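Let me begin by presenting the structure, written as structure tokens, before commenting on it.
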Amino acid sequence: MIIKEVVNMKDTFIKGMSIGLGLAAASKEQVDKVMEELNEKGQLTKEESNSILNELQTKGEQRQQELDRKVQTQIKKYLDELEVPSKEDFQSLEKRVNKLENQLNNEE
């Protein structure tokens, strides 16, 4: 049941990211088109449009990083609420099992 919820959450996240990336691609194309039109009309120089595009790209990357952090935090919260064991939990258990196996092998 927990695995099913995690899988559903992952699918929802992937769908949301795909929609976001699609919108970002469409927005970039639209911005490029507007900048090109302004260049052709002489309302912006090539340097100005490049500067604006670079600024928009930087802001977009910053927002993407912020979104990534928020998503990671939210996923961790959900996993904690569902009491899904972490990678560290598994590693700790693996060490304990290995130690017990070694003890059993030494007793034989």
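The values are calculated or read from the model by the stated rules, or taken from the named source; none is laboratory data. Keep in mind that what you see is a predicted model, and the values were worked out from it rather than measured. Methodologically, a virtual Cβ is constructed for each residue, glycine included, from the backbone with ideal geometry; neighbour enumeration extends over all protein chains shown.
Numerical summary
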read-out	value
Residue that is farthest from Asp32 (Cα to Cα), among those in region 52-73 that are loosely packed, with under 13 Cβ neighbours inside 10 Å and of a type in the set (Val, Ile, Thr)	Thr73
Residues being surrounded by 13 or more Cβ atoms within 10 Å (Cβ to Cβ), in a helix (DSSP H, G or I) and touching a helix residue (DSSP H, G or I) at 6+ places or on another chain (Cβ under 7 Å) - total across region 34-51	4
Residues satisfying the stated conditions in region 74-90, i.e. surrounded by 10 or more Cβ atoms within 10 Å (Cβ to Cβ), in a helix (DSSP H, G or I) and not aliphatic (A, V, I, L, M)	Gln74, Lys76, Lys77, Tyr78, Asp80, Asp89, Phe90
Within region 1-33, considering residues that are at pLDDT 75 or above and loosely packed, with under 12 Cβ neighbours inside 10 Å, the one farthest from the chain's Cα centre (by Cα)	Lys33
